[in-house]
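Nothing in this text is a laboratory measurement; each read-out follows from the coordinates by a stated rule. Since the model is a prediction, treat every value here as computed from it, not as a measurement. FYI the Cβ positions are ideal-geometry reconstructions off the backbone, even for glycines, and counts take in every protein chain you see.
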Amino acid sequence: MIFARVVGTVVSTNKDEKLVGKKLLLVQPVEIDGTVKGNPLVSIDAVGAGEGELVLLVQGSSARQTSITEGHPVDCTICAIVDYIEKGGKTVFEKAKDTAYSVK
Amino acid sequence: MIFARVVGTVVSTNKDEKLVGKKLLLVQPVEIDGTVKGNPLVSIDAVGAGEGELVLLVQGSSARQTSITEGHPVDCTICAIVDYIEKGGKTVFEKAKDTAYSVK
Amino acid sequence: MIFARVVGTVVSTNKDEKLVGKKLLLVQPVEIDGTVKGNPLVSIDAVGAGEGELVLLVQGSSARQTSITEGHPVDCTICAIVDYIEKGGKTVFEKAKDTAYSVK
Amino acid sequence: MIFARVVGTVVSTNKDEKLVGKKLLLVQPVEIDGTVKGNPLVSIDAVGAGEGELVLLVQGSSARQTSITEGHPVDCTICAIVDYIEKGGKTVFEKAKDTAYSVK
Amino acid sequence: MIFARVVGTVVSTNKDEKLVGKKLLLVQPVEIDGTVKGNPLVSIDAVGAGEGELVLLVQGSSARQTSITEGHPVDCTICAIVDYIEKGGKTVFEKAKDTAYSVK
C-alpha cells in the first residue's frame, strides 16, 4: 500500500453501471514527509475518508477485496486512514498535529 | 484509475476472437491541468466515450470487471467520462467549459 | 494495451511444460511515431503476427485471457495486428504504407 | 519479490474491516548493498519480521496468497526474512553481521 | 516476460509456509546485449536454471501459473532458459557462445 492525501472529488454522470453510487475521490500520492509524488489518481473509498486526510491506497486486483469494491472495475481503493506513522522509533506523522490537514 | 483523453481509434482486422466487435480507442494519459503524460495506450470503451473527452481508465485485471470486458484479453478500459474535477474546494475541470474538448 | 513491433524470436528448449509448443516472440514496445520505447519483451502470439508487424500487447493477468494462453505462465500476449491508427482525425499509421515493415 | 527493510509501523483505527487486527509495517525497498530505493511502502507481515530486518516483499495479487492475507485488500506482504544473500559465489549479505540491523 | 541473469541465491529460514522447500534465486534483469537493467529481484525457479544462465522471468499473477508456484505468494518465476535470441534475422544471443555464462 502507498500513502496519499485526499485532495478532491471527481464527478461523472456517465460511468460503468457498477460505479453508479460510488464516490470517486481525487487522491495525491505523497511521501511520508508530505512531498507530492507523481500525479493524482482517482480512487474509491472504503473507509469514509475526508478531504485532506492521509490515507493508504491499495492498488490492482487487491483494490477489489473490500465489501464495497468486490467485482467492480476499480484499481485503486482507500483502505485505511492513517493516525500515526512511527519510523526508527520516532513518531514522524500524527494526525492530530497534521498541519497539512485543513486543505480547504 | 487515471485520467486520459480519447485521441483516436485503432483499427485491426486480425485480432483475438474475443476482441472482434470491440472498438479500440487510442487514449492519451494526461495530468489534471491537461499536460500529456507518457505515451498513448489502447483501451476498450465501456461507456460510449467520444474523441476529445476526458475519461477515467481502469487498468490491469480490474479492466475486465465490466459487462463489456469480462473474460477478455483487455488490460485498459474506459470506465467513466469526467464531468467535473474539484480539488481543494475549487473546480479545476468542467466538461462544459473544456477548451481542449473539440480536438478534431 | 500498448504498441510494439515484432523484432525476432526467442528459442528455449528448457521451459515450463505449459510453454512447450508455444512460440516466443521478441517484441519491442514503440511509440506511435515508431520511436523505440524501453527494452524488448518476450511475448506469446495469439494472432499469427509476423516479424516487423506493429501489434498490440496485452499484459498482466489479461495476457492469459486468450484461448492460446489460458492458465499459462505468460504475462505478455500479442492480441491484435494494427492496420490503421487514426489520431485527431488523421491517419497516423497505415500498415500498407508502413516503411518500417520489412525489418528483415 | 524485492528486498526491503522494516523501518517502522503505521497505526490506523479507521481501516477496512478485513484489515482489523492486522499490523501494518512501514517497509523501505532497498538494493542489496543497502542503498535506499524509492519511497516506503506499507506492508502486511506474514512471518513475524522485526524492525530493522531485511525482508522479501511479494506484491500484487500474489501478496494475498498467504494464510494471513487471503482475500484481503492487501497488495504488499512480507513473505520471508533474509538470512544470507550469495551473489557470484560470494556472501554479500549475512544477517548475523548486518551492521544496519539495529535501526532503533 | 523479461530477460534476466541468475546471479545468486537468497537463503531464508523464516519464510511463509508455502515457500518452505522452494529455492529463492537472485536474478538480475538485463537487456539483450547483456547490460544490467535495474535492481536484482528474487525469483522462484520452475525450470532448474543454474547460476549465470540467461532466463525469462514471468511476473505478477502469471508467476503463479506453473505447477511449482500455483497458489504461492510468488510474483516472479523463471519460466524458461534461453538458448537463442534472433533479432532482425540475426542471432544476437547463443547460449553455447555466451561469454558471460561462467559467472562464478
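Tabulated values for the structure
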{"item": "In Hz, Karplus ³J(HN,Hα) per residue of the stretch D:33-44 (6.51, -1.76, 1.60; θ = phi - 60°; x = Gly, Pro)", "result": "7, x, 4, 5, 9, x, 8, x, 10, 10, 10, 8"}
{"item": "Axis-nearest residue in chain E [Cβ, rotation onto A], distance in whole Å", "result": "E:SER61, 4"}
{"item": "Residues with amide H under 5 Å from that of D:LYS37, placed H, sequence gap 5 or more", "result": "D:VAL30, D:GLU31"}
{"item": "Copies compared at D:THR13 - label distances in nm, ascending, label defined 7 Å from Cα in the Cβ direction", "result": "4.1, 4.1, 6.6, 6.6"}
{"item": "Rg in Å to one decimal, and Dmax rounded to a whole Å, for the protein assembly as shown via C-alpha atoms", "result": "23.1, 65"}
{"item": "From phi via Karplus (6.51, -1.76, 1.60), per-residue ³J(HN,Hα) for the stretch A:71-78 in Hz, x at Gly/Pro", "result": "x, 9, x, 9, 10, 7, 9, 7"}
{"item": "For chain D: lysine pairs under 29 Å (alpha-carbon distance), excluding those fewer than 8 apart on one chain", "result": "20"}
{"item": "Long-range amide H partners of D:VAL7 with built H, under 5 Å", "result": "D:LEU26, D:VAL27, D:GLN28, D:GLY52"}
{"item": "Peptide D:84-94 - average C-beta neighbours from other chains (10 Å radius)", "result": "5"}
{"item": "Under the Karplus curve 6.51 cos²θ - 1.76 cosθ + 1.60, θ = phi - 60°, whole-Hz ³J(HN,Hα) for the stretch C:2-19, x wherever Gly or Pro sits", "result": "10, 8, 8, 9, 6, 10, x, 9, 10, 9, 9, 8, 9, 9, 3, 3, 6, 8"}
{"item": "Nonlocal amide H pairs with A:PHE93, under 5 Å, H built at 1.01 Å", "result": "A:ILE85"}
{"item": "Over chain C: Kirkwood hydrodynamic radius from C-alpha pairwise inverse distances, Å", "result": "14.2 Å"}
{"item": "The stretch B:1-100: relative contact order as a whole-number percent, Cα under 8 Å and 6+ apart", "result": "26 percent"}
{"item": "Test item: Cα-centred dipole of the stretch B:2-82, Lys/Arg +1 and Asp/Glu -1 on Cβ, debye", "result": "140 debye"}
{"item": "Cut-off 16 Å (backbone N to label point 7 Å along Cα→Cβ of E:LYS23), residues of the stretch E:41-56", "result": "E:42-56"}
{"item": "Shielding by partners - mean other protein chain Cβ count within 10 Å, residues of C:65-78", "result": "6"}
{"item": "Label spacing, shortest first and in nm, from B:GLY88 to its equivalents in the remaining copies (7 angstrom along Cα→Cβ)", "result": "3.0, 3.0, 4.9, 4.9"}
{"item": "Semi-axes of the equivalent ellipsoid for the stretch A:60-104, Cα gyration tensor, largest first, Å", "result": "29, 14, 8"}
{"item": "Exam field: C:GLY71 pseudo-label spacings to other copies (7 Å along Cα-Cβ), nanometres", "result": "1.5, 1.5, 2.5, 2.5"}
